[in-house]
1. Tally up the residues in region 70-90 that are assigned to a loop (DSSP other than H, G, I, E, B) and either among the small types (Gly, Ala, Ser) or open to solvent by less than 20 Å² (accessible area, probe 1.4 Å) (or both), please.
2. Go through region 32-52 residue by residue and tally those that are farther than 18 Å from Val101 by Cα, open to solvent by less than 50 Å² (accessible area, probe 1.4 Å) and not β-branched (Val, Ile, Thr).
3. Does Pro66 qualify as being touching a helix residue (DSSP H, G or I) at 6+ places or on another chain (Cβ under 6 Å) and open to solvent by 30 Å² or more (accessible area, probe 1.4 Å)?
4. Within region 5-19, does at least one residue satisfy the condition of being of a type in the set (Phe, Trp, Tyr) and open to solvent by 50 Å² or more (accessible area, probe 1.4 Å)?
Amino acid sequence: MAARTHDLGAAADFTPGVLRRVEVEGRGLVILRRGEEFIALRDLCPHQGAPLSAGQLGGTPLPCRPGAPIEYGRIGEVLTCPWHGWEFDVGTGQALANPQVRVRVYPVRR
């Protein structure tokens, strides 16, 4: 089956680091721009259906000693669900706590 392509707009319309919801054939997608890279994920948390476009893009806490300031890694690579805090790797769609649970990631080309 041939892959279908859809024009979602000009690259300049997408602000780096900002989640943006779009509709494609009645399906909600969340688009993320990281520099010149674009990522498209299904805008639906597999847990209870929350819109991931209303979530937050962040990172993960790094190991530290008790009482030390918390530092973060993977900044801009983790999408957190707004309802229950489920975290997903934006590159693979996998849930961080359970990689068998995932959000669909769609191919993007410029």
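The values are calculated or read from the model by the stated rules, or taken from the named source; none is laboratory data. None of the values given here were measured: they were computed from a predicted structure. Here the Cβ is made from the backbone with ideal geometry for all residues, glycine too, and neighbour counts use every protein chain on show. Surface accessibility is based on the protein's heavy atoms, side chains included, excluding ligands, DNA and RNA. Shrake-Rupley method; radii C 1.70, N 1.55, O 1.52, S 1.80 Å.
1. Counting residues in region 70-90 that are assigned to a loop (DSSP other than H, G, I, E, B) and either among the small types (Gly, Ala, Ser) or open to solvent by less than 20 Å² (accessible area, probe 1.4 Å) (or both) gives 3.
2. Here the count works out to 4.
3. Numbers: touching a helix residue (DSSP H, G or I) at 6+ places or on another chain (Cβ under 6 Å): no; open to solvent by 30 Å² or more (accessible area, probe 1.4 Å): yes.
Answer is no for this residue.
4. no
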